[in-house]
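Structure first, then comments.
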Amino acid sequence: MRKSAALFCILLATCAASAGAQAVPSATARHLSITAGGTASVFQPSYSGDWAAETVPVSPCYPNSVCNPVANRSPYPLFGIGAYVDLRFTHWIQLEAEGRWMRYNQNNPTGTTNGGIYFDNYLVGPRVPLHRIWKANPYAKALVGYGKMNLGYYPGLCSGDCVAAGRFTALAFGGGADIKLTRRVSLRALDVEYQYWPQWGNSSLAPYGVSVGVGYRIF
């Protein structure tokens, strides 16, 4: 987590520095702005640690069998923190990059070392502004990137403390609203996100959740 988070923060800082360096007094540059912020999130991971053997019909996963994780609702919603950067080039051309680390309230049914279920996100994509309401700026977004998930204890072809993990392509769709508090500070009052991981085990996964946070307009 530390290495990925550090690389993500370096990328955000580089984007901010690049945007600031290119900001010159001209008719085209005056629309450019960059906002960075932090968030707190709660997500339903849509996975509770169940596995099934690769048999027809599907059977429970036993030792010495090849198994895949099974998508289902988890009784343990994950809590975490995140960071985001919004780049606005014009009113209609905007990008959002976000990183999210969902590490709290992990489900660890076997109690194995490092066997808890959690995930991280690293996503980027277009952000579309909607009609402004009072001081609120609603938006929609469509992001792409990847998710890293710790899948917990793997019961097949393994003995002892065996933990499975993977990195998966992730698509995210959602929206929310930022409320302007001061000239530079904004409240991310609500950000709703639905994710789709198209290749997860031998099926797909659909985590979803909400975030709130605070942003600061750097330029």
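The values are calculated or read from the model by the stated rules, or taken from the named source; none is laboratory data. Given the structure is predicted, the values throughout are model-derived calculations rather than measurements. When we count neighbours, we look across all protein chains shown, and the Cβ atoms used for this are built from the backbone with ideal geometry, even at glycine.
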Scope the stretch 169-219; condition surrounded by 21 or more Cβ atoms within 10 Å (Cβ to Cβ), small (Gly, Ala, Ser) and over 16 Å from the mean Cα position of the chain (by Cα); matching residues: Ser186, Gly215
Extreme residue, farthest from the chain's Cα centre (by Cα), among residues of the stretch 111-124 that are on the phi < 0 side of the Ramachandran plot and small (Gly, Ala, Ser): Gly115
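Suppose we filter Ala83, Ala71, Ala97 for residues that are among the small types (Gly, Ala, Ser), modelled with pLDDT of 95 or more and over 22 Å from Leu32 (Cβ atoms); which single one remains? Steps first, answer last, please.
Details: Ala83 fails: over 22 Å from Leu32 (Cβ atoms); Ala97 fails: over 22 Å from Leu32 (Cβ atoms).
Residue meeting the stated conditions: Ala71.
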Residues satisfying the stated conditions in the stretch 150-168, i.e. closer than 18 Å to Trp101 by Cα and either surrounded by fewer than 15 Cβ atoms within 10 Å (Cβ to Cβ) or among the basic types (Lys, Arg) (or both): Ala165, Arg167
Where a residue in the stretch 57-74 is surrounded by fewer than 13 Cβ atoms within 10 Å (Cβ to Cβ) and its partner, wherever it lies, is assigned to a loop (DSSP other than H, G, I, E, B) and aliphatic (A, V, I, L, M), with Cβ under 9 Å and at least six apart: Pro63/Leu157; Asn64/Leu157; Val66/Leu157
